[in-house]
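The structure appears below as structure tokens.
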Amino acid sequence: MIFVIDVGNTAITMGVFEEDDIKAKFRLTTKINRTSDEYGLFIVDLLKLKGINKEAINTVVIASVVPRVMYSLTSGIKKYLGLVPLNIGVGTKTGIKIPIPNPKEVGADRVADAVGAYEIYGGPVIVADFGTANKYDLITEDGSLIAAVTSPGLKMSANAMWADTAKLPEVEIALPDTILAKDTVTSIQAGLVFGCIGQTEYIIRRMIKEAGLDKCTVVATGGLGRIIANNTDVIDIYDPNLLLKGLKIIADKNLK
């Protein structure tokens, strides 16, 4: 079995693959001050609760955009699973080319998303990942990640609004029935969600136009991706496990 881990700014998402099937998936909040023993015990207990024998895991692969958790997380995996994880970075075999001036600037999560989208859905493909930040990445027909657009995510935008205004309340991020809002709650929801949909449509159409593409598959992922994907015609596929699938594909490439 292959154990894949995505360390994001908000959450650490983990999955266990047996062949191409996800047998288990779970999440932890991303906390900088956890010890290696805490990570190790969390992982072992969660695997047990999901019915996964830790001895059946032979490979661990990690994509992280939070360097400060990596020492404790990696140490916990070594101590409690007895495995040295593969950390995605420069030099890792991915099958994706990154022909930009500084490839090191591309986060491991974006690389994993790109690998998953390209290997599963083919190119050209745009990945729209709706997480802490909204990320739009264009991968060409030959597997080159040639462009990346980044903007504040829904929660980031909402938190900024709530923190910087005295009277606006915190509300659930949800799609209201209409953009013609008549109260404070639906007014905020309309601005956040319809605003993100509008951003998504403009960015994707502009990327396709400037890249000179006649057609391009668009794959959405990320925790808030479903609400966007279900309310626009510029997204073809919603795949909530795209990043985990990409990590599994990377693990396979490096095992070979």
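Each value in this text was obtained by applying a stated rule to the coordinates, not by laboratory testing. Keep in mind that what you see is a predicted model, and the values were worked out from it rather than measured. Positions of Cβ are backbone-derived with ideal geometry, glycine not excepted, and every protein chain shown enters the neighbour counts.
Of the residues Arg68, Arg226, Arg27, the one that moves most in a GNM of the chain with alpha-carbon contacts below 10 Å is Arg68.
Figure legend: label point modelled 7 angstrom from the Cα of Lys97 along Cα→Cβ; residues of the stretch 119-133 with amide N under 16 Å from it are 119, 123-125. Modelled spin-label separation between Ala147 and Ile22, with each label point placed 7 Å from Cα along the Cα-to-Cβ direction: 2.9 nm.
Taking other C-beta atoms within 10 angstrom as a stand-in for reagent exposure, Thr165, Thr74 fall in the order Thr165, Thr74, fewest first. For a straight C-alpha distance cut-off of 17 angstrom, the aspartates and glutamates reachable from Lys97 (same-chain residues fewer than eight places away being disregarded) are Glu105, Asp109, Asp113, Glu119, Asp137, Glu141, Asp142. In order along the stretch 167-173, the Karplus-derived 3J(HN,Hα) couplings, from 6.51 cos²θ - 1.76 cosθ + 1.60 at θ = phi - 60°, round to 10, 7, x, 6, 9, 5, 7 Hz, and Gly and Pro are given as x.
For the chain, complete DSSP H runs whose alpha carbons reach 30 Å or more along their own long axis and whose mean Kyte-Doolittle score is 0.0 or higher are 184-210. Taking volume of the Cα convex hull per residue in Å³ as calculated from this structure, the corresponding entry among (1) 144; (2) 120; (3) 130 is (1).
Of the residues Asp113, Asp233, Asp164, the one that moves most in a GNM of the chain with alpha-carbon contacts below 10 Å is Asp164. Dividing the summed helix terms, -39500 (n - 2.57) for each DSSP H run of n ≥ 4, by the number of residues in the chain produces a 222 nm estimate of -12000 deg cm²/dmol to the nearest 500.
Note on Leu83 and Asp177: the extension gain reaches 28.9 nm, defined as 0.36 nm multiplied by sequence separation minus the Cα-Cα distance.
Across the stretch 1-43, no residue has a backbone nitrogen under 15 Å from the label position 7 Å along the beta-carbon direction of Glu170.
Straight-line reach from Lys78: taking Cα to Cα under 24 Å and skipping same-chain neighbours fewer than 8 places apart, the lysines in range are Lys23, Lys25, Lys31, Lys48, Lys50, Lys54, Lys93, Lys245, Lys248, Lys253, Lys256. DSSP beta bridges confined to the stretch 2-87 are antiparallel in about 65 percent of cases. Rounded to the nearest 5, the antiparallel percentage of DSSP beta bridges internal to the stretch 103-247 is 65%. Based on DSSP, what percent of beta bridges with both residues in the chain are antiparallel, to the nearest 5? So the antiparallel bridges amount to about 65 percent of the total.
Between the stretch 106-127 and the stretch 142-185, the alpha-carbon centres lie 24 Å apart. When the chain is treated as a GNM with alpha-carbon contacts under 10 Å, the residue of Lys215, Lys135, Lys245 showing the greatest mean-square fluctuation is Lys215. When each of the peptides 33-40, 1-8, 247-254, 17-24 is scored by the mean number of other C-beta atoms lying within 10 Å of its residues, the order from highest to lowest reads 1-8, 247-254, 33-40, 17-24.
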